[in-house]
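Step one of this worksheet: look at the structure below.
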Amino acid sequence: MRPPGGGGNIKIVVVGDAGTSPEYFAKMASNLAFEDAHVVALEWPGTIAEIQARLLNIELNGPEAEAPPAALIEEIIDADVLLVHVCPVPDAVIRAGKNLRLIGLCRGGLDNLDVNSALRQGIKIFHVVRNAEPVADFTLGLILAETRNIARGHASILQGGWRKKFSNSANTTTLRELRVGLLGLGNIGRLLADKLTALGVEVWGWDPYLPDAALGGMRIERRSIEEIFTECDVVSVHLRHSEETDKLVGRDLIERMKPSSYLINTSRAAIIDEGALVEALTRKKIAGAALDVLWEEPLPAGSALLALDNVTLTPHIAGDTVDAIPKSPKLLVEVINDYLRHGRTDFLVTK
């Protein structure tokens, strides 16, 4: 098969890191369905902890906030394909890639890529959520932990107590009795919806970009974002962070929520207005919240969240399983090959 832009020998550049080794990334990339290709492997250096800190900066400030490997600019000049995990791909890299026709990413979000720059140059962008299944599982766990006080009961015993009463005790009920609203019906949102509906839960969904046809026969009732916050017992966030979604969940939407309702976030902290949420939890405007993503990570000792008794906090581990991250290049290559061979994909970024 010829390259996306036509021509002869294909140059594929991959950028691995401490989570996805360059060697494995290159091995997977060599399986791409091109007739004549060679792979150049680079690494975005740093320990897992260092990379996580840089990623938080990128999520808050965009792909220009951190520097890619110095060799990337040189190698991208004559590259046809670029595949990355978490390495930043700013406008300067994209503009340097005069032959670049395809970019693939295998992580939870697109924060590390200047999407608009790539689309302006007519580059096809493929994005797979490397850990969609783990995040969907974890989100279901957070819903149960928060609504049934699992973590708080455990903490009480560790502290020598035997706590039976909680701030939400007047309205605790079974999962099947809760209506769950999902903000975002992408890979994670749809997987979570599958799990919830299999357990007999009524699921509402809001996603302004996803066509009805993409839901197939799923049992999701599409509603407005205002209806979801007004009527649902649990609202779970599964959106990408962008200018459009920054502080999307603010005071107006939170004020719509019932006193017995819960807000769950395993997506990006900046989608929720921190001050508005802390205020609502403090005055018990809502029953509780469960957050795996925080506005500052690690959470500082003086955070107002630490004084609240109606929030479950976890240290950004929703996607952490032993196989999700290291094997993500394999999933990315499978998705791209499906498109190259059959012209079909649900993983092409168009806006």
Worksheet item: What does the charge add up to near Gly16, with Lys and Arg as +1, Asp and Glu as -1, over the other residues with Cβ less than 11 Å from its Cβ?
Response: -2
Worksheet, complete the sentence: tail above 34 Å in the computed P(r) of the chain, as % of all Cα-Cα pairs, reads 30
Fill in: Estimated distance in nm for a label pair at Ile48 and Asp252, the labels positioned 7 Å out from Cα along Cα-to-Cβ
4.2
Worksheet item: Which is farthest toward the positive dipole end of the chain among Val333, Ser30, Leu253, measuring Cα position about the Cα centre, with Cβ charges +1 (Lys, Arg) and -1 (Asp, Glu)?
Response: Leu253
Worksheet entry | Charged-residue dipole, Cβ positions (Lys, Arg, Asp, Glu), region 48-186 about Cα centre, Debye nearest 20 | 940
Fill in: Hits among lysines - C-alpha to C-alpha of Lys98 under 27 Å, sequence gap 8 or more where chains match
Lys11, Lys27, Lys124, Lys330, Lys351
Response to the item:
Around Leu294 (Cβ within 11 Å, Cβ-to-Cβ, excluding Leu294; K/R +1, D/E -1) the net charge comes to -3
Response to the item:
Full extension between Glu227 and Glu244 adds, at 0.36 nm per residue less the Cα distance, a length in nm of 4.2 nm
Practice prompt. Pick out, from Asn171, Leu182, Tyr262, the residue whose Cα sits farthest towards the positive end of the charge dipole of region 132-313, with +1 on the Cβ of Lys and Arg and -1 on the Cβ of Asp and Glu.
Written response: Asn171
Worksheet item: If we count every other residue with Cβ under 13 angstrom of Lys164's Cβ, Lys/Arg +1 and Asp/Glu -1, where does the sum land?
Response: +4
Worksheet, complete the sentence: Rounded to 0.05, the calculated FRET efficiency for the beta carbons of Leu215 and Leu348 at R₀ = 25 Å is 0.90
Fill in: Normalised convex hull volume, region 160-315, alpha-carbon set, Å³ per residue
126
Worksheet entry | Rough spin-label spacing in nm, given labels placed 7 Å along Cα→Cβ, for Lys195 and Glu23 | 3.4
Worksheet item: If you put +1 on each Lys and Arg Cβ and -1 on each Asp and Glu Cβ, how big is the dipole of the chain around its Cα centre, in Debye rounded to 20?
Response: 900
Item to complete: Give the longest segment of the chain that steers clear of GluC sites (Glu not before Pro) in DSSP loops with at most 12 neighbouring Cβ atoms within 10 Å, not counting the sites themselves.
Response: 36-242
Practice prompt. At 15 Å minimum axial length over the Cα atoms and a Kyte-Doolittle cut of 0.0, report the qualifying DSSP H helices in the chain, or say none.
Written response: 48-61, 132-147, 187-198
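Only the coordinates and a few stated rules stand behind these numbers; no lab work does. Here the structure is a predicted model, which means the values were calculated and not measured. Using ideal geometry, Cβ is built from the backbone for each residue, glycine included, and neighbour counts are taken over all protein chains shown.
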